[in-house]
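The values are calculated or read from the model by the stated rules, or taken from the named source; none is laboratory data. What you see is a predicted model, and the numbers here were worked out from it, not measured in a lab. FYI the Cβ positions are ideal-geometry reconstructions off the backbone, even for glycines, and counts take in every protein chain you see. Side chains included, ligands, DNA and RNA excluded: accessible areas come from the protein's heavy atoms. Shrake-Rupley method; radii C 1.70, N 1.55, O 1.52, S 1.80 Å.
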Amino acid sequence: MENRFKTILTLGLIFISLITMNAQKQKMENTALLIIDVQNDYFPGGKMTLEKAEQAGENIKRILEYFRKNNLTIVHIKHISTNEGATFFLPDTDGAKINQLVLPKEDEKIITKHFPNSFRETDLMDYLQSKKIKNLVITGMMTDVCVEATTRAAFDYGFHNTIIGDATATRNRELNGEVVKAAEVQRSFLAGISALGNLYAQVASANDFLNGK
């Protein structure tokens, strides 16, 4: 009797585990990775170097490798500056090229944008809908400009968002003549975007995301 009970219990646990794994798999099948503006001008030697761009780039690479390994949807977003007076991401320059850490493969979607919001005047929404995407994992640069604009727009369009905090980067800002350090800008943005119970986005580290936490 005792052995029979153990067998039933074991089978029950296996069944629950299979259901959980299937639900997680289905969720990931409806998930896309956005890599926003990881371009050379943001890295050392570029025209708009960001704080800890290389560290963020390495974490983005790790997330990208996970999505590739699991055959999940990947979208590379590239900004090309067309506004008057622009000083970086200029057309046909090395600085506007996607950095080698996350170079797209031939079968991966590349979207070119001209505004901070990756949905504005692009085919991003159409592409995500064609893939039946409901969840976005968002990485990229700059945290408080294009990442923020895209995340907030994605929420308005009904997507569930996760930002990989240490796979984003920004730089020092200035307000009323005072310098606001990049680390403070980064921390404040991530705190704000995840406020009110992760209203706009949940924030996770690369390690936590890859470990399924």
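Kindly indicate whether Arg68 is of a type outside the set (Phe, Trp, Tyr), open to solvent by 50 Å² or more (accessible area, probe 1.4 Å) and in contact with a helix residue (DSSP H, G or I) (Cβ under 8 Å, 6 or more places away or on another chain). Criteria not met by Arg68.
Taking strands (runs of 3 or more DSSP E) that fall entirely within segment 28-122, which contain at least 3 residues that are charged (D, E, K, R) and within 16 Å of the chain's Cα centre (by Cα)?
Counting at least 3 such residues, we get no strands (runs of 3 or more DSSP E) at all.
Every condition in (1) touching a Phe, Trp or Tyr at 6+ places or on another chain (Cβ under 9 Å); (2) assigned to a loop (DSSP other than H, G, I, E, B); (3) open to solvent by 20 Å² or more (accessible area, probe 1.4 Å); (4) in contact (Cβ under 8 Å) with a residue 60 or more places away in the chain is met by Lys132 except one, and the failing one is (1).
So which residues in segment 136-155 are open to solvent by 20 Å² or more (accessible area, probe 1.4 Å) and either of a type in the set (Val, Ile, Thr) or at pLDDT below 95 (or both), if there are any at all?
Scanning segment 136-155 gives a single hit, Val145.
Here Glu178 clears all of (1) acidic (Asp, Glu); (2) under 20 Å from Val38 (Cα atoms); (3) surrounded by fewer than 20 Cβ atoms within 10 Å (Cβ to Cβ) except the condition numbered (2).
One residue stands out in segment 71-115 among those that are without any contact (Cβ under 8 Å) to a residue 12 or more places away in the chain and charged (D, E, K, R): the one that is nearest to Thr49 (Cα to Cα), namely Asp92. Note on segment 198-211: residues that are assigned to a helix (DSSP H, G or I) and either open to solvent by 70 Å² or more (accessible area, probe 1.4 Å) or among the β-branched types (Val, Ile, Thr) (or both) total 2.
Scanning segment 166-213 for residues that are aliphatic (A, V, I, L, M), under 18 Å from the mean Cα position of the chain (by Cα) and under 16 Å from Gln55 (Cα atoms) yields Ala167, Ala169, Ala204, Ala206. Residues in segment 40-51 include at least one that is surrounded by fewer than 20 Cβ atoms within 10 Å (Cβ to Cβ), in contact with a Phe, Trp or Tyr (Cβ under 6 Å, 6 or more places away or on another chain) and modelled with pLDDT of 95 or more.
Yes/no per residue for (1) closer than 19 Å to Phe43 by Cα; (2) not β-branched (Val, Ile, Thr):
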| residue | (1), (2) |
| --- | --- |
| Pro91 | yes, yes |
| Asn99 | yes, yes |
| Asn117 | no, yes |
| Met125 | no, yes |
| Ser130 | no, yes |
| Val147 | yes, no |
| Phe159 | no, yes |
| Gly165 | yes, yes |
